[in-house]
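Structure record follows, encoded as structure tokens.
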Amino acid sequence: MKRDSLVMRGGFALALFLALLGALVGSLFVGASSQSPAAIVQATLSGDFRNPALETVLYVRLPRGILAIFVGAALAVAGAIMQLVTRNPLASPQTLGVNATAALAMVITIVLGVNIGGTGMIPAFLGAFIGGIAVTLFSIVTRRGPVVLALAGMAVHLLCTALIQALAVLNERAVDVVFWMNGSVAGAQWEKVYLAAPMIGITLVVSFLFSRSIQALGLGREIATGLGLHYVRTMLAATVLVTMLAGTSVAVAGPIGFVGLVIPHVIRNTIGRAPAWEFPLCALAGALLLVLADIGARVIMWPTETPVGVLTALIGAPVFLLLARSVGRRKK
């Protein structure tokens, strides 16, 4: 039985990887550029790096696709960690306000004209950490159930969004954040990839290595402590991991929602409870979802762009409502 489960999960991981690779290659041929797929193939085979078609692929579409992979993986794993830490199936960086607090911190630095480099990663980390700590503390002290926690998180999200919109109206420096607030990897350059990839990559590896300890948090404090886990220390470490993943994602792509909510449920419903597999599979599936959503964002209103966060919301919002309904029924 265990061998069959191992083969099934390994096959699923391979299928996700191949699908992700295919989606990335497909994304190189989609966009508002006048370069046809045939011209791109011909330029690639010729190896002429001065060809406009190959330049479009190497400097516009490839960094965009790679950034979508890292951001999607980061959001999915962050969502999985938050659902375990809070023991809340409705938890994600967006639904509990972590994305919004990171975005608000970034916008405040823009309004104040503070230039601290790193495409705003430091304020995004600070905002995400404040949001993550608030969520963690609230989840520990409240006993009103996951729906109340999700509602509190959405209240924080709406408040931060309202403040950002007010700043955008009142300060000309923040006008450009309106499109960014919906989440997008459009305009991604290699500079963003170089900044985000090491940060997200290292944090994902750490998450994978400590996945069993983080998974134990989902069993509750008493059971986790009985298994020899230092509960508070592990909770804090998990919050730091969420901060790094969500903060980096917001800094380079804006607050893209619902990836962290949907993907962990898809993975658990597909492979069951498998501590060693859950986070890596969430990373692959999150990356695949965001790359496909980004392709859709280029096509749905071609030749103009749709923020990728709009497409993930179209997928995630109905799922959120269904989950909230099922959780509410179990509480009755």
### Task
Just name the residue that is modelled with the highest pLDDT out of those in segment 84-95 that are in contact with a Pro (Cβ under 9 Å, 6 or more places away or on another chain) and closer than 19 Å to A313 by Cβ.
P93
### Message
Just to be sure I understand, how many residues within segment 21-59 are modelled with pLDDT under 85, open to solvent by 30 Å² or more (accessible area, probe 1.4 Å) and within 30 Å of S92 (Cβ to Cβ)?
### Response
1
### Task
Scan segment 86-110 residue by residue and report those that are hydrophobic (A, V, I, L, M, F, W, C), open to solvent by less than 10 Å² (accessible area, probe 1.4 Å) and in a helix (DSSP H, G or I).
V98, A100, A102, A103, V107
### Query
Is it the case that segment 283-303 has a residue that's open to solvent by 50 Å² or more (accessible area, probe 1.4 Å), more than 19 Å from V135 (Cβ to Cβ), out of contact with any Pro (no Cβ under 6 Å at 6 or more places or on another chain) and free of Cβ contacts under 8 Å to residues at least 24 places away in the same chain?
yes
### Within segment 204-237, considering residues that are β-branched (V, I, T) and within 27 Å of the chain's Cα centre (by Cα), the one least open to solvent (accessible area, probe 1.4 Å)
I214
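The values are calculated or read from the model by the stated rules, or taken from the named source; none is laboratory data. For clarity, every value in this text was computed on a predicted model and none was experimentally measured. Note that each Cβ is placed from the backbone with ideal geometry, even for glycine, and that neighbours are counted across all protein chains shown. Ligands, DNA and RNA are excluded from the accessible area calculation, which covers all protein heavy atoms including side chains. Shrake-Rupley method; radii C 1.70, N 1.55, O 1.52, S 1.80 Å.
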